[in-house]
1. Answer yes or no as to whether Ser74 is crowded, with 16+ Cβ neighbours inside 10 Å, touching a Lys or Arg at 6+ places or on another chain (Cβ under 9 Å) and at pLDDT below 95.
2. Taking the stated definitions as given, is Thr164 touching a strand residue (DSSP E or B) at 6+ places or on another chain (Cβ under 7 Å), within 25 Å of His59 (Cβ to Cβ) and in contact (Cβ under 8 Å) with a residue 24 or more places away in the chain?
3. Any idea which of (1) under 17 Å from the mean Cα position of the chain (by Cα); (2) surrounded by fewer than 20 Cβ atoms within 10 Å (Cβ to Cβ); (3) among the charged types (D, E, K, R) is the one Arg134 doesn't satisfy?
4. Pull up segment 46-71, narrow it to residues that are over 18 Å from the mean Cα position of the chain (by Cα) and either touching a residue at least 40 places away in the same chain (Cβ under 8 Å) or outside the structural domain of Val167 (by TED's automatic domain parsing) (or both), then point me to the one that is surrounded by the fewest Cβ atoms within 10 Å (Cβ to Cβ).
5. Assigned by TED's automatic domain parsing to the domain that holds Thr164, part of a loop (DSSP other than H, G, I, E, B), within 20 Å of Gln48 (Cα to Cα) and modelled with pLDDT under 95: which single residue out of Gly90, Gly115 fits that description?
6. Looking at segment 138-156, is at least one residue loosely packed, with under 15 Cβ neighbours inside 10 Å, in the same structural domain as Phe62 (by TED's automatic domain parsing) and free of Cβ contacts under 8 Å to residues at least 12 places away in the same chain?
7. Quick test for you: out of Arg79, Arg83, pick the one residue that is part of a strand (DSSP E or B), assigned by TED's automatic domain parsing to the domain that holds Cys127 and either farther than 14 Å from Phe139 by Cβ or within 17 Å of the chain's Cα centre (by Cα) (or both).
8. Just checking, how many residues over segment 116-137 are out of contact with any strand residue (DSSP E or B) (no Cβ under 7 Å at 6 or more places or on another chain) and farther than 20 Å from His59 by Cα?
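The values are calculated or read from the model by the stated rules, or taken from the named source; none is laboratory data. Because the structure is a prediction, the values reported are computed rather than measured. FYI the Cβ positions are ideal-geometry reconstructions off the backbone, even for glycines, and counts take in every protein chain you see.
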Amino acid sequence: MVPRNLQLGGRATGILVALALSLCLAAVAFGLPPFTTAPKSSPGSGGQAELSGVDAGCHATFDRLVVRARFATSSYDVRYVNRIIADPSGVPVALLGTTRIRVVIRNARGHTNGGTNLLPGLVTPLCPNLRQIRKAGDFEGVVSFGLGLRHKTGFRVFRLSGPTRIVVDVAH
């Protein structure tokens, strides 16, 4: 006979495993890329994109950064780095958290042709892992952001359309 507390522990473990498996299957069903720590990049097309906004969201198993774009599909490069450097000044960028992800979007601008800034300089969602987002540059067709994280985990990057968005999910 198995003691009752061990039976409940096994049941709870089974439920957690089933939940994790269902989340993985849901990601596969939606065609989302897997979470890894490897750098991710993708080419762009169609001229220069105008980045029109940044949103952050805290979810059950991951935290999300969304960058909205219009007029074109810009390229991106997303990777872990030791520190974020402001472009073009070269000054280190301060962020909450102990780990950094750099998001570089090329052939893009975060301002109108008239010079109106379209992107916030700082977003502090204080999610379980994604603590802060800071714009690190908008110079000569390159827009960059630093993500301050609580700890290093897998992340994924993909695009959505209607409207065009670049999405960075960071696992808890």
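1. Numbers: crowded, with 16+ Cβ neighbours inside 10 Å: yes; touching a Lys or Arg at 6+ places or on another chain (Cβ under 9 Å): yes; at pLDDT below 95: yes.
Taking the combined requirement at face value, the residue satisfies it.
2. Values: touching a strand residue (DSSP E or B) at 6+ places or on another chain (Cβ under 7 Å): yes; within 25 Å of His59 (Cβ to Cβ): yes; in contact (Cβ under 8 Å) with a residue 24 or more places away in the chain: yes.
So Thr164 fits the description; yes.
3. (2)
4. As a first pass, look at segment 46-71 and keep what is over 18 Å from the mean Cα position of the chain (by Cα): 46-50, 70-71.
Those still in the list that are either touching a residue at least 40 places away in the same chain (Cβ under 8 Å) or outside the structural domain of Val167 (by TED's automatic domain parsing) (or both) too: 47-50, 70.
Working: Gly47: 10, Gln48: 14, Ala49: 27, Glu50: 18, Arg70: 12.
For segment 46-71, the residue satisfying everything is Gly47.
5. Details: Gly90 fails: within 20 Å of Gln48 (Cα to Cα).
Only one candidate qualifies: Gly115.
6. no
7. Numbers: Arg83 fails: part of a strand (DSSP E or B).
Step by step, each of Arg79, Arg83 is checked, and only Arg79 is part of a strand (DSSP E or B), assigned by TED's automatic domain parsing to the domain that holds Cys127 and either farther than 14 Å from Phe139 by Cβ or within 17 Å of the chain's Cα centre (by Cα) (or both).
8. Count: 1.
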